[in-house]
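In what follows, a structure is listed as structure tokens, so that the remarks can point back to it.
Derivation of every value follows stated rules applied to the coordinates shown; laboratory data play no part. As the structure is a computational prediction, the values presented were derived from the model and not from experiment. Please note: Cβ atoms are built from the backbone with ideal geometry, for glycine as well, and neighbour counts cover all protein chains shown.
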Amino acid sequence: MSMFCFQCQETAKGTGCTIAGVCGKKDNVANMQDLLIFVTKGISFFTTGLRKLGVETDEADKFIVDSLFMTITNANFDIERFVAKVREGLKLRDELKGKYLKAGGKVPADVHESATWTGHTVEEFEAKNVSIGVLATLNEDVRSLREMVIYGLKGMAAYTEHANNLGFDDKSIHKFIQEALVATTNDSLNADQLVALVMETGKFGVSAMALLDKANTTTYGNPEITKVNIGVRNNPGILISGHDLRDMEDLLVQTEGTGVDVYTHSEMLPANYYPAFKKYKHFVGNYGGSWWQQKEEFETFNGPILFTTNCIVPPKKDASYFDKVYTTGSSGFTGFKHIAERPAGGRKDFSAIIEHAKLCKPPVEIEKGEIIGGFAHNQVVALADKVVDAVKSGAIRKFFVMAGCDGRFKDRSYYTEFAQALPKDTVIMTAGCAKYRYNKLQLGDIGGIPRVLDAGQCND
């Protein structure tokens with residue numbers, strides 16, 4: 001066994017990837033991700049201690065959120081980025097230790113090794129990986145509960161980072177993330193206490209979603225019911241995927257007037273629903289479908305692709321689009337060009353991808369028509385009377401919630417077949433890329449209410 005990862009729905013045999021990830025992640029990347037999580041636990045020991053002494057650590061807050069986000073499924077495959085991040089984390093941890101001791105803090109003799117271990121070379125990092133991975137916790141129940149907390153924290157970190165990029169933050173979320181990381185190193189916690197921690201993780205997960213919702217809607221307005229074009233125009237284009245709306249804004253501002261169109265892909269589809277983006281005439285619509293279809297759709301798009309977050313599918317070695325893919329933020333892939341963070345108060349520099357786009361052919365049209373979305377909570381509340389009347393009259397008999405992540409396995413066609421088989425007096429409520437299993441079906445409406453109500457991204 002050269003690795004162990006079971007954090008995603010596609011994990012091998014439903015038990016864990018042990019040679020390479022089904023996602024395409026190599027064992028060295030998986031192990032370095034484990035080490036980065038280990039380092040964040042050590043950092044968190046000192047940040048929680050400093051917080052009790054009245055010292056906030058904004059730099060550490062950002063580092064921990066970034067690190068957790070980098071390790072989510074399909075976000076980052078770049079081993080060099082992880083090695084650099086581990087080194088950065090060890091340096092930061094030792095600086096925080098110095099501040100903690102100077103402020104009067106004490107480091108107990110039995111402190112978890114994540115607060116004391118150090119290394120400098122890749123060889124030292126790889127040697128340590130063997131003893132600190134998921135399977136280092138021998139009790140399966142404790143292991144599962146700890147990892148459930150860790151995965152909850154990763155999602156929380158993703159939402160928090162997106163909110164932070166728009167200038168919104170909640171210190172209580174950072175406090176919980178760091179306390180929870182430390183708690184996963186505490187061998188005295190029993191199963192009941194860990195279950196309670198899992199439930200608390202869920203509570204703060206909702207808080208993080210609320211923070212991001214506030215950030216998105218305050219900045220870009222409440223999503224509106226929108227017909228989204230799925231055809232193409234005869235201009236070169238940039239295809240943007242992921243979840244980060246601030247990156248979307250920066251790209252739209254910089255492409256305006258350049259002759260380059262912008263299309264969303266997969267998880268970025270809901271950007272089409274926000275009022276602030278509708279003023280950009282070169283924002284054409286959405287191209288393609290779910291994340292797992294990108295190998296085919298990126299070939300036909302012709303232009304460059306920008307990943308702001310997950311989901312990256314490693315391309316074939318002979319993929320014509322390999323040199324057209326750019327990453328930014330927490331995403332990364334060895335060989336892809338990476339766009340640096342924005343300067344304080346400024347915008348990311350997307351000039352390289354824009355100039356690249358100008359040299360490319362327009363996208364090949366793979367479909368025509370429109371899809372409808374934008375049924376976020378504010379819009380649903382606005383339609384509440386109409387929906388309630390339809391329920392009272394019997395026009396709408398049942399609601400079905402089908403949301404979350406789509407998958408590439410053939411049996412996922414179940415959701416398409418299920419949607420097609422539902423009675424015509426039922427409505428599907430959805431969010432996340434699961435929507436692509438049925439959002440292009442001609443399911444009709446009920447008294448003007450579409451039978452698929454798309455709320456938006458996963459956090460919606």
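For Lys392 and Asp445, what does the FRET efficiency come to when R0 = 22 Å and r is the distance between their Cβ atoms, rounded to the nearest 0.05? Efficiency, from the Cβ-Cβ distance: 0.80. Summing Cβ point charges (Lys, Arg +1; Asp, Glu -1) relative to the Cα centre of the stretch 289-400 gives a dipole of roughly 220 debye.
Note that the stretch 375-454 carries a Kirkwood radius of 13.1 Å, evaluated over its alpha carbons pair by pair.
Kindly list the residues of the stretch 246-278 that lie in the label zone of Ile366, defined by a backbone N under 19 Å from the point 7 Å along the Cα-to-C-beta vector. Under cut-off, by backbone N: 261-272. Full extension of the chain between Arg143 and Arg233 yields a length gain of 27.3 nm, computed as 0.36 nm times the residue separation minus the alpha carbon distance. Applying the Karplus relation 6.51 cos²θ - 1.76 cosθ + 1.60 with θ = phi - 60° to the stretch 394-410 yields 3J(HN,Hα) values of x, 5, 10, 9, 8, 10, 10, 9, 10, 9, x, 8, 7, x, 8, 6, 4 Hz, where x marks Gly and Pro. Dipole magnitude for the stretch 375-454: computed about the Cα centre from +1 point charges on Lys and Arg Cβ and -1 point charges on Asp and Glu Cβ, it is near 200 debye. In a DSSP loop and with at most 15 other Cβ atoms within 10 Å, the trypsin sites (Lys or Arg not before Pro) in the stretch 86-190 are Lys106. Summarising the overall dimensions of the stretch 12-218 from its C-alpha atoms, the Rg and Dmax are 16.6, 50 angstrom.
Counting Cα-Cα pairs of the stretch 226-358 in 5 Å increments starting at 0 gives whole-percent bin shares of 2, 11, 23, 26, 23, 11, 4, 1. Using the Cβ-Cβ distance between Asp425 and Asn378 with R0 set to 25 Å, the FRET efficiency from 1/(1 + (r/R0)^6) comes to roughly 0.45.
Can you check what the net charge comes to around Glu147, using other residues whose Cβ is under 12 Å from the Cβ of Glu147 (Lys, Arg +1; Asp, Glu -1)? Summing Lys/Arg as +1 and Asp/Glu as -1 gives 0. Ordering Tyr273, Leu53, Ala127 by the projection of their Cα atoms onto the charge dipole of the chain, which places +1 on the Cβ of Lys and Arg and -1 on the Cβ of Asp and Glu, puts Tyr273 at the extreme positive end. Computed from Cα positions, the angle between helix 245-255 and the longest principal axis of the chain comes to roughly 60 degrees. For helix 27-52, report the angle its Cα long axis makes with the longest principal axis of the Cα atoms of the chain; keep it between 0 and 90° and round to the nearest 10°. Tilt relative to the chain: about 70 degrees. Using the Cα coordinates of the chain, the gyration tensor eigenvalues translate into equivalent-ellipsoid semi-axes of 38, 26, 22 Å, sorted from longest to shortest.
Positive-end ranking of Val364, Gln9, Ile19 along the dipole of the chain, with charges on Cβ about the Cα centre, is headed by Val364. Net charge dipole, the chain: roughly 480 debye, given to the nearest 20, about the Cα centre with Cβ charges of +1 for Lys and Arg and -1 for Asp and Glu.
With helices as the sole contributors, the chain gives -14000 deg cm²/dmol at 222 nm; each DSSP H run of n ≥ 4 counts as -39500 (n - 2.57), and the sum is divided by every residue. Among the listed pairs Lys13/Lys295; Lys227/Lys398; Lys154/Lys295; Lys337/Lys358; Lys25/Lys316, a Cα-Cα separation exceeding 19 Å is found for Lys13/Lys295; Lys227/Lys398; Lys154/Lys295.
Principal-axis analysis of the Cα atoms of the chain puts helix 79-102 at an angle of about 50° to the longest axis.
Here the extension length gained between Ser188 and Val22 equals 56.3 nm, from 0.36 nm per residue of separation less the Cα-Cα distance.
Backbone amide hydrogens, once placed in the peptide plane, bring Val262 within less than 5 Å of Ile238, Phe283, Val284, excluding anything fewer than 5 places away on its chain. Dipole of the chain computed with +1 at Lys/Arg Cβ and -1 at Asp/Glu Cβ about the Cα centre; of Ala196, Ala84, Leu212, farthest Cα towards the positive end is Leu212.
Note on the stretch 320-334 and the stretch 281-307: Cα centroid distance 13 Å, given to the nearest whole angstrom. Between the alpha-carbon centres of the stretch 91-108 and the stretch 135-200 there is a gap of 22 Å.
Computed from label points 7 Å out along Cα-Cβ, the spacing between Asp323 and Lys295 is 2.2 nm.
Listed values for the stretch 336-346 are Karplus-derived 3J(HN,Hα) couplings in whole Hz (6.51 cos²θ - 1.76 cosθ + 1.60, θ = phi - 60°), namely 7, 6, 10, 9, 5, 4, 6, x, 4, x, x, and x replaces Gly and Pro. The calculated Kirkwood hydrodynamic radius for the stretch 1-97 is 14.2 Å, given to one decimal from all distinct C-alpha pairs.
Bridge orientation summary for the chain: considering DSSP beta bridges with both residues in this region, about 25 percent are antiparallel.
Applying a DSSP loop filter and a limit of 13 other Cβ atoms within 10 Å to the chymotrypsin sites (Phe, Trp or Tyr not before Pro) in the stretch 343-412 leaves Phe409. Summing Lys and Arg as +1 and Asp and Glu as -1 over all other residues whose Cβ lies under 12 Å from the Cβ of Leu135 gives a net charge of -1. A DSSP coil position with no more than 16 other Cβ atoms inside 10 Å describes the following trypsin sites (Lys or Arg not before Pro) in the stretch 377-460: Arg397, Arg408, Lys424, Lys440.
Measuring against 27 Å, Cα to Cα, the residue pairs Lys106/Lys171; Lys278/Lys317; Lys62/Lys410; Lys368/Lys392 contain Lys278/Lys317; Lys62/Lys410; Lys368/Lys392 as the ones spanning a longer distance. Distances between placed amide hydrogens fall under 5 Å for Met429 paired with Phe400, Val401, Met402, Leu453, all partners being 5 or more residues away or on another chain.
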